Amino acid sequence: MNTPLTTRHLFDYGTTYFRSQGIVSRQASGATRTTFGEIGDRVRRLASGLRALGVRQGDRVGTVMWNDQAHLESYFAIPCMGAVLHTINFRMTSEHLSHVINHAGDRVLIVDRSLWPQIAAIRETLKTVTAILLTGPAPGSDPDRTLDYETLIAESSPEFAFPDLDEDSPMGLCYTSATTGPPKGVLYSHRALYLHSMTLGLANTLGLSADDTLLPIVPMFHVNAWGLPFAAFWLGAKIVLPGPSPHPEDLLDLLQREKVTLAAGVPTVWLGLARELMKRPTPLNLRLAVSGGSAVPQSLIRLYEETLGIPFLHAYGMTETSPLVTVARLRPHHRELSYDEQLTIKASQGIPVPGLTFRLERDGQEVSWTGNDAGEICLKGPWIADGYYRDQGSSTPVRDGWFHTGDVATVTAEGYVHLLDRTTDLIKSGGEWISSVDLENALMAHPAVFEAAVVGVPHPVWDERPLAFVVLKDGCEVSKEELFASLAPRYARWQWPDDILFVPEVPKSSVGKFLKRALREQYRTYFTNPRE
Ligand code: AMP
């Protein structure tokens, strides 16, 4: 039967078969506990309330929220009523925030009170918003022309009848930061979300199931927290939400207290948590630490697996791909390899997950999988975007039926992807390519190094040369010469950075990735006019 693949099925299934499964939501003042069944009731009330505010099928509703219970309610109420869940990255600049809300044409915003200042600053620039709901602890009186989320839930009917929807209709919208110009919107269909959620349950990927307790550390505004809350609700995993501004201490407390089995975040988060775990060794139930969003240094995987005894899984994806594209799992025959050899595989991006078709391309031609030849990752699949929302098509990433990711990689004969760089981050020196990601990993392998970022900076002779930025671990010291020497076994001299600068921190994007654009801009004249 050709039944539509919609978000409503995930919601109905979760509330029917896992009614008593728990949801824990951390608040500044403690944690709230509820169940899938209780959430089900609140989700219907929220849908009734939004309908009363004028939200119709196809309308966008923006969320400016933490990873918490109210956000999870919005995750289901908005798509199930046929509206579009627009998750907003509240760490964007005011200019971009205003742009994405106006570009999306959000009719209603749901805003956490602690994030209100960001919206208050741009309120007068918003052209389409007709109502604003505030969630989170109420400090006293709310600003004018806002409504209280809890009052709306309490006063709305739990009898909302969710409509039958076309599986190809949109359920979600997320903006991704573009290298030039304003952020671009990626629209997710119900069908894409359904198939992507199902994939997260496969044993070959994350194997998420009702035996798990999930802690999505990755923000719910960032590609739907990698789709994990949707999949967890469907598959019956207990959901633990880290709430406002979680620090490593808070995350460690949650991991321990709630017996979390699967947590997901960017490498920076795992680095911070590892530091905390070294300070405060704590027995955990983690069966999988999932890292994605940026390259993961081998040293970090080794730290988790060898020192802390926690299995680590590296995954790759992007906003335009819902996001799951590859996961780096070992195959049975890899277990005969030494741990060092296994680490090379585990630190690769892995193989594409079932459902996606993969191709490596250079100058429009397919590149073979030799492990050495680099090309751009191109994809086809039911959860890959086919363009940007309300875009004139000028920047279409789809050519000849393939989505062009802008990521450059090599692929081994077995199909393991080794990502070298974004096309924009690859360093072109004297006609040769140098991978900044590789150099960063090599520098981060040094025991004194906490973080390292490498960018290409214009050079009068070589076009571009690598410049490295290193953050040392607390209390550690190391000289430039020693760091150069540590690169010597793996890199030819011309591949070394021309200089290494010690910095207190590497600038990061709003989702915790290295902000290489900022470094490139700041050090643009470093080799051409060093004294400037
Ligand atoms: P975003 O859309 O903000 O999630 O950014 C997606 C981009 O992050 C990808 O195109 C990659 O360049 C990078 N990225 C994501 N995951 C990984 C990973 N596991 N390793 C290296 N780069 C990654």
About the Cα centre, charge dipole magnitude for region 131-171 (Lys/Arg +1, Asp/Glu -1 at Cβ), debye: 300 debye
For Lys428, counting only lysines whose alpha-carbon sits under 26 Å away and dropping same-chain residues fewer than eight positions off, the answer is Lys480, Lys508, Lys513, Lys516
Near Leu254, within a Cβ-to-Cβ distance under 13 Å, what is the net charge of the other residues, with Lys and Arg +1 and Asp and Glu -1? -1
Counting Lys and Arg as +1 and Asp and Glu as -1, each charge on the Cβ, what is the dipole of region 425-532 about the Cα centre in debye, to the nearest 20? 240 debye
Please work out the FRET efficiency for the pair Lys480 and Thr424, using the Cβ-Cβ distance as r and a Förster radius of 30 Å; give the result to the nearest 0.05. 0.65
Rounded, prolate or oblate, given the Cα gyration tensor of the chain, with a/c below 1.5 counting as rounded? prolate
Applying the gyration tensor rule to the Cα atoms of region 17-77 (axes a ≥ b ≥ c; rounded if a/c under 1.5, else prolate if a/b exceeds b/c, else oblate), the class is oblate
In region 234-376, how does Rg compare with the Kirkwood Rh, expressed as the Rg/Rh ratio over alpha carbon atoms? 1.01
Residue separation times 0.36 nm, minus the C-alpha to C-alpha distance between Asp498 and Thr307: what's the value? 65.4 nm
Give the angle, between 0 and 90 degrees and rounded to the nearest 10, that separates the Cα long axis of helix 94-104 from the longest principal axis of the Cα atoms of the chain. 60 degrees
Test item: Cα-centred dipole of the chain, Lys/Arg +1 and Asp/Glu -1 on Cβ, debye: 520 debye
Loop trypsin sites (Lys or Arg not before Pro), region 47-94, which have at most 11 other Cβ atoms in a 10 Å radius of their Cβ (DSSP): Arg56
Please give me the summed charge of the neighbours of Asp211: other residues whose Cβ is under 12 Å from its Cβ, Lys and Arg +1, Asp and Glu -1. +2
Report the gain in length on full extension from Asp391 to Asp363: 0.36 nm times residue separation, minus Cα-Cα distance, nm rounded to one decimal. 7.6 nm
Taking the Cβ of Trp234 as the center, what net charge do the other residues with Cβ under 14 Å away carry, scoring Lys and Arg +1 and Asp and Glu -1? +1
Using the alpha-carbon atoms, what tilt in degrees (0 to 90, nearest 10) does helix 36-52 show relative to the longest principal axis of the chain? 70 degrees
In nm, to one decimal, how far is the Arg331 label point from the Tyr13 one, both placed 7 Å along Cα→Cβ? 2.9 nm
Counting only protein heavy atoms and using a 1.4 Å probe, what share of the accessible area of the chain belongs to carbon plus sulfur, as a whole percent? 50 percent
What is the list of residues in region 258-302 whose amide nitrogen lies under 14 Å from a point 7 angstrom out from the Cα of Gln342, following Cα to Cβ? 301-302
Taking a crude spin-label model, label points 7 Å out from Cα along the C-beta direction, the Thr3 to Asp164 distance in nm is 1.3 nm
Checking rank on 223-230, 126-133, 463-470, with mean other Cβ inside 10 Å and highest first, the result is 223-230, 463-470, 126-133
Which listed residue (Phe484, Leu472, Trp496) has the Cα farthest towards the positive end of the charge dipole for region 425-532, taking +1 on Lys and Arg C-beta and -1 on Asp and Glu C-beta about the Cα centre? Trp496
Could you let me know the centre-to-centre spacing of region 20-94 and region 346-423, using Cα atoms, in angstrom? 33 Å
So what's the gap between the Cα centers of region 459-526 and region 243-295, to the nearest angstrom? 27 Å
Express the accessible area of the chain per residue in Å², computed with a 1.4 Å probe while the remaining protein chains stay in the model. 42 Å²
Per the helix-only model, the chain has a calculated mean residue ellipticity at 222 nm (DSSP H runs of ≥4, -39500 (n - 2.57) each, divided over all residues, rounded to the nearest 500) of -8000 deg cm²/dmol
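The values are calculated or read from the model by the stated rules, or taken from the named source; none is laboratory data. Quantities reported herein were computed from a predicted structural model and do not represent experimental measurements. Quick reminder, even Gly has a Cβ in these numbers, built from the backbone with ideal geometry, and neighbours come from all protein chains shown. Side chains are part of the model used for accessible areas, which takes the heavy atoms of the whole protein and leaves out ligands, DNA and RNA. Shrake-Rupley method; radii C 1.70, N 1.55, O 1.52, S 1.80 Å.
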